[in-house]
Amino acid sequence: MRVRKAVITAAGWGTRFLPATKSQPKEMLPLVDKPMIQYIVEEAVASGIELIVVVTSLWKGTLEDHFDRSRELESFLEEKGNLELREEVGRISQLADICYIRQKEQLGLGHAILAAKLMVGEEPFAVFLPDDIIVGAVPAMKQMLEVHGRYGGSLLAIRRVEREQIGRFGIIDPERVAEGVYRVRNLVEKPDPERAPSNLGVVGRYVLSPSIFPALEKTLPGKGGEIQLTDGLATLLATEEVFGYEFQGTWLDAGTPLSLLKASVSLALGRPDMEEEMRHFLKELLR
Ligand code: UTP
């Protein structure tokens with residue numbers, strides 16, 4: 001079954017970015033000159049997704065405004081003769097069909113995905129976590145949808161992680177199926193590296209079967225009183241196949257102030273209009 005819909009979970013408090021996130025959404029923090037969520041919406045659209053459901057919460061209004069049309073701004077830019085920017089601002093408002101649903105209490109990622117249940121319905125769907133940015137020649141979700149089309153079930157984006165990073169990720173117990181594709185036998189959240197079943201960590205892209213909804217409804221609050229997606233996936237594993245796919249592309253973590261800064265610098269180094277000055281700046285700084 002073709003995957004048409006995507007859920008972007010953007011309802012969290014973003015506590016690691018406080019005070020920056022006291023009154024503005026974490027997902028609107030910029031990497032270079034684009035808010036994180038725009039990278040995600042662009043990836044979804046480039047992957048063929050037709051409808052995006054963004055799960056939001058209180059204080060997240062600017063997120064909706066970002067993808068709305070601002071005729072005033074467009075006219076202002078036109079009057080100033082800045083047609084390139086006017087074009088760009090207009091393009092953002094036409095990127096995708098987006099609907100929004102509120103998660104009224106921040107009870108975890110699994111709970112946020114459950115909020116989208118009625119909008120998704122009985123079909124497989126994509127999930128994006130907006131603080132995982134992936135850049136590369138072929139959008140990561142496009143690659144995943146292709147693999148999902150071949151194997152069905154549910155699919156998790158995975159990448160190899162350094163030993164000392166293992167304790168920060170959900171780690172799969174893999175059974176190799178094909179180049180870069182693994183059947184997931186088990187999933188362990190943030191394991192001790194000594195006991196981890198592999199070094200294949202889950203990052204924020206999923207293609208999920210609609211059976212995840214009843215699985216999440218059965219899931220009791222786990223760590224921190226939150227309904228964890230990992231626990232829902234563990235339930236799902238008992239009845240349906242779950243695969244992991246080692247996507248091609250560069251993963252940029254935008255989930256902490258330091259990692260966001262690093263992600264911004266690496267993106268700036270890949271931009272022809274910024275690369276030279278950025279290199280010069282870094283060299284001077286580190287002299
Ligand atoms: P994080 O674990 O990064 O949480 O959630 P967070 O609130 O964004 O940030 P910290 O940990 O407090 O700094 C991963 C994704 O899941 C969403 C977040 O918005 C983020 O995009 N999320 C998390 C929800 O939508 N609802 C929740 O209840 C929890």
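Estimated from the Cβ-Cβ distance and a Förster radius of 35 angstrom, the FRET efficiency linking Thr239 and Arg271 is about 0.15. Ellipsoid semi-axes for the range 202-287, based on the Cα gyration tensor and the rule √(5λ), read 41, 16, 9 Å when sorted largest first. Each residue of the range 193-210 is assigned a 3J(HN,Hα), and the resulting list reads x, 4, 9, 5, x, 6, 10, 9, x, 8, 10, x, 9, 9, 10, 10, 6, x Hz, derived from the Karplus form 6.51 cos²θ - 1.76 cosθ + 1.60 (θ = phi - 60°), x at Gly and Pro. Here the Karplus curve 6.51 cos²θ - 1.76 cosθ + 1.60, taken at θ = phi - 60°, turns the phi angles of the range 164-174 into couplings of 6, 9, 3, x, 9, 10, x, 10, 8, 9, x Hz, with x standing for Gly and Pro. Looking at the chain alone, DSSP beta bridges between its own residues are antiparallel in about 60 percent of cases. Across the range 245-250, rounded Karplus estimates of 3J(HN,Hα) from the backbone phi angles (6.51 cos²θ - 1.76 cosθ + 1.60, θ = phi - 60°) give 10, 7, 6, 8, x, 9 Hz, Gly and Pro being marked x. Subtracting the Cα-Cα distance of Thr250 and Glu42 from their residue separation scaled by 0.36 nm leaves 73.3 nm. Which whole number in µm²/s is D for the chain by Stokes-Einstein, with the Kirkwood Rh taken over Cα pairs at 10 °C and 1.306 mPa s? The diffusion coefficient I find is 80 µm²/s. Shown here for the range 157-203: GluC sites (Glu not before Pro) in loop regions (DSSP other than H, G, I, E, B) with at most 16 other Cβ atoms within 10 Å, namely Glu162, Glu179. Of the GluC sites (Glu not before Pro) found in the range 51-126, those that fall in a DSSP loop while having at most 12 other beta-carbon atoms within 10 Å are Glu105, Glu122. On the basis of the beta-carbon distance and an R0 of 30 Å, Ser75 and Ser23 show a calculated FRET efficiency of 0.60.
Could you state the angle between the C-alpha long axis of helix 257-269 and the longest principal axis of the C-alpha atoms of the chain, as a value from 0 to 90 degrees rounded to the nearest 10? Once rounded, one gets 60 degrees. Straight Cα distances below 15 angstrom link Lys218 to the aspartates and glutamates Glu226, Asp231, with same-chain residues fewer than 8 positions distant left out. Annotation: extensible slack from Leu282 through Leu51 equals 79.1 nm (criterion: 0.36 nm per residue apart, minus Cα-Cα distance). Let me check against my output: what whole-number percent is the relative contact order of the chain, with C-alpha pairs under 8 Å and at least 6 apart? Over the chain, the number comes to 22 percent. When only alpha carbons of the range 129-287 are considered, Rg and Dmax amount to 17.8, 58 Å. Entry note, the range 97-238: relative contact order of 32 percent, from Cα contacts under 8 Å with a spacing of 6+ residues. Full extension of the chain between Trp13 and Lys34 gives 5.5 nm of extra length, using 0.36 nm per residue less the Cα-Cα distance.
Between Gln165 and Met119, the C-beta separation translates, for a Förster distance of 45 Å, into a calculated FRET efficiency of about 0.85. What distance in nm separates the two pseudo spin-label positions at Val138 and Arg4, each 7 Å out from Cα along the beta-carbon direction? So the label points at Val138 and Arg4 sit 2.5 nm apart. Listed by chain and number, the lysines whose C-alpha is less than 22 Å from the C-alpha of Lys80, apart from same-chain residues fewer than 8 away, are Lys34.
Shape summary of the range 1-138, radius of gyration then Dmax from alpha carbon positions: 15.6, 49 Å. In this structure, the residue pairs whose Cα-Cα separation is over 18 Å, taken from Lys26/Lys60; Lys117/Lys142; Lys5/Lys117; Lys5/Lys142, are Lys117/Lys142. Compared with the dominant principal axis of the Cα atoms in the chain, helix 83-93 is inclined by about 30°.
Mean residue ellipticity, 222 nm, helices only, the chain: the sum of -39500 (n - 2.57) across DSSP H runs of n ≥ 4, divided by residue count and rounded to 500, is -10000 deg cm²/dmol. To test your reading of the geometry: what angle, between 0 and 90 degrees and rounded to tens, separates the Cα axis of helix 275-286 from the longest principal axis of the chain? The helix 275-286 is inclined about 80 degrees to the chain.
Rule-based calculations on the coordinates, nothing more; no lab input. Not measured: the values here are computed from a predicted model. Cβ coordinates were reconstructed from backbone atoms using ideal geometry, including for glycine residues, and neighbour counts include every protein chain displayed.
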